[in-house]
Amino acid sequence: MIRTATPEDTPALHALVRELAAYEKALDEVVASEAQLAEALFGDRPAAYAHVATADDDNGEVIGFALWFLNFSTWRGVHGIYLEDLYVRPERRGGGHGKALLAELARICVERGYERLEWSVLDWNAPSIAFYESLGARPQDEWTVYRLTDGALASLGGGGTH
């Protein structure tokens, strides 16, 4: 079952974020707290949204999630969805939960007139790449992602001209 995340899901979401980071060999980079995640998703000015996949049994355990936010295409003139994280616990994969989470985001795009659903995937993650391509997604090989963080971000943001 797929549903919109609630504040009560925050501990499970935080645990899944950490599991995803461990899978991506980057657990040491996770510094976000449960409180920060709750504020970003459910605070006065939400910056992101989440849907969860729950187990198909009576306990309804959260076993996967999709965390996303709106982006905007100046070329198309409309919003899109940027999928920040998609994760289903390894022992629950193959049950259609990942596809159902992506289908829900695609449904939101269609319903709201958004023209893009985008995300990034690590180039070594062959199982995920195969899964995404089986759904009709195609890599955007002509674009390279750049990122400013930590000292470089502080240096540019603190010393630049306004």
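The values are calculated or read from the model by the stated rules, or taken from the named source; none is laboratory data. The shown structure was predicted, so the numbers you read here are calculated from the model rather than taken from an experiment. Cβ coordinates were reconstructed from backbone atoms using ideal geometry, including for glycine residues, and neighbour counts include every protein chain displayed. Protein only, heavy atoms only, side chains kept; ligands, DNA and RNA dropped before computing areas. Shrake-Rupley method; radii C 1.70, N 1.55, O 1.52, S 1.80 Å.
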Residues within the range 98-135 that are exposed (fewer than 14 other Cβ atoms within 10 Å of the Cβ), aliphatic (A, V, I, L, M) and outside any loop (DSSP other than H, G, I, E, B), tallied: 4
So which residues in the range 10-37 are within 15 Å of the chain's Cα centre (by Cα) and touching a residue at least 24 places away in the same chain (Cβ under 8 Å), if there are any at all? THR10, ALA12, LEU13, LEU16, VAL17, GLU19, LEU20, TYR23, GLU24, LEU37
Can you find a residue that is among the aromatic types (Phe, Trp, Tyr), under 17 Å from the mean Cα position of the chain (by Cα) and closer than 18 Å to ASP9 by Cα anywhere in the range 47-58? yes
Here are PHE69, PHE65: which of them is aromatic (Phe, Trp, Tyr), within 21 Å of LEU102 (Cβ to Cβ), in contact (Cβ under 8 Å) with a residue 40 or more places away in the chain and in a strand (DSSP E or B)? PHE65
Residue in the range 1-10 that is nearest to VAL88 (Cα to Cα), counting only those that are loosely packed, with under 13 Cβ neighbours inside 10 Å and modelled with pLDDT of 95 or more: THR4
Among the candidates GLU39, GLU19, single out the residue that is at pLDDT 95 or above and farther than 22 Å from PHE131 by Cβ. GLU39
Scan the range 40-51 and give yes if some residue there is in a strand (DSSP E or B) and open to solvent by 20 Å² or more (accessible area, probe 1.4 Å), otherwise no. yes
